[in-house]
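Only the coordinates and a few stated rules stand behind these numbers; no lab work does. Small disclaimer: the values here were computed from a predicted structure and weren't measured. For neighbour counting, all protein chains shown are included, and Cβ atoms are generated from backbone atoms with ideal geometry for every residue, glycine included.
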């Protein structure tokens with residue numbers, strides 16, 4: 001219901017400021033597209049352009065685009081998807097975009113022939129008919145690109161490129177109850193001695209190459225994290241046989257890496273715990289790691305949480 005001051009304010013804007021309430025105030029956003037959607041038929045949902053142009057997103061200047069087409073362009077190559085898990089990220093977006101709730105508010109990137117665009121997507125149900133929606137899409141690429149860079153710096157180790165302790169804590173809390181959960185605690189043996197002999201520049205290079213070895217075994221949820229100078233943790237969801245085979249392969253490659261630096265004393269120790277109760281598994285893997293070190297280093301020990 002319109003109130004008296006609505007009309008008065010419109011008149012004031014027009015008289016005092018020479019502004020039109022629609023074109024100059026409501027639509028005062030150069031990087032905005034407004035769509036109308038009728039979802040009675042459900043598929044495909046057509047987003048018809050009311051204001052703006054699809055050219056803003058590097059697309060052909062058409063009168064409409066299907067929601068399916070927009071979804072197909074969603075890009076998962078960015079910091080938020082990497083931290084949250086790409087499959088989980090895409091699945092969550094799909095569920096929200098097709099939920100057709102009274103209001104959906106999302107921010108996500110798409111990739112078009114003209115490049116990558118971050119969109120702020122707001123779908124609002126019209127009061128007159130629950131099957132009718134207005135959809136507001138704003139290009140926020142400039143701001144989100146900066147935000148993404150900052151987000152990545154807070155979640156990834158700057159030297160090695162693997163995730164950091166902050167992300168480890170986040171992922172552990174999300175996934176510690178999943179099946180076949182293993183924690184691997186890795187420590188580079190005699191690394192201080194390596195730095196004393198070779199220098200910190202070579203030490204940093206060694207850490208980078210070591211991390212590149214670890215990255216070869218990563219997957220959607222199977223990930224490594226640097227938590228200290230030469231300490232790394234892996235959260236993996238694989239069968240015991242696969243975990244043991246991976247540990248052997250990593251040890252073998254680290255021996256070869258150490259030999260290339262001519263440092264025979266440098267090796268790797270790994271403590272592995274298969275979670276059963278999932279109770280403080282990282283601390284338990286740390287204890288198993290020191291069993292490996294006390295047994296002579298350059299090996300892994302695998303235990304099942306009891």
Hits in the stretch 79-99: amide N under 17 Å from the 7 Å Cα→Cβ extension of residue 150, namely 79-80
At the level of C-alpha centres, the distance separating the stretch 183-236 and the stretch 36-107, in angstrom, is 39
The convex hull of the Cα atoms of the stretch 108-153, divided by residue count, gives a volume in Å³ per residue of 97
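With viscosity set to 0.890 mPa s and temperature to 25 °C, compute the Stokes-Einstein D of the chain, Rh being the Kirkwood radius across alpha carbon pairs; µm²/s, no decimals. Let's see the in-between values first.
Working: Rh = 23.3 Å.
Calculated translational D: 105 µm²/s.
With n ≥ 4 as the cut-off for DSSP H runs, can you work out [θ] at 222 nm for the chain, using -39500 (n - 2.57) per run divided by the number of residues, rounded to the nearest 500? Present the calculation step by step, with values, prior to reporting the outcome.
Working: 10 runs with 123 residues, N = 306.
Mean residue ellipticity, 222 nm, calculated: -12500 deg cm²/dmol.
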The exposure ranking of 182, 171, fewest beta-carbon neighbours within 10 Å first, is 171, 182
Place a point 7 Å from the Cα of residue 205 in the direction of its beta carbon; the residues of the stretch 251-278 whose amide N falls under 17 Å from it are 256-264, 266
Rounded to the nearest 5, the percent of antiparallel DSSP beta bridges in the stretch 210-306 equals 40
Rh_Kirkwood(the stretch 42-106) over Cα pairs, Å, one decimal, evaluates to 13.4
Bridge orientation stat for the chain from DSSP, antiparallel percent rounded to 5, came to 85
Of the convex hull enclosing the alpha-carbon atoms of the stretch 31-148, the direction-averaged projected area in nm² is 7.0
Per the stretch 156-304, sqrt(5λ) over the Cα gyration tensor eigenvalues, sorted largest first, in Å, gives 25, 17, 13
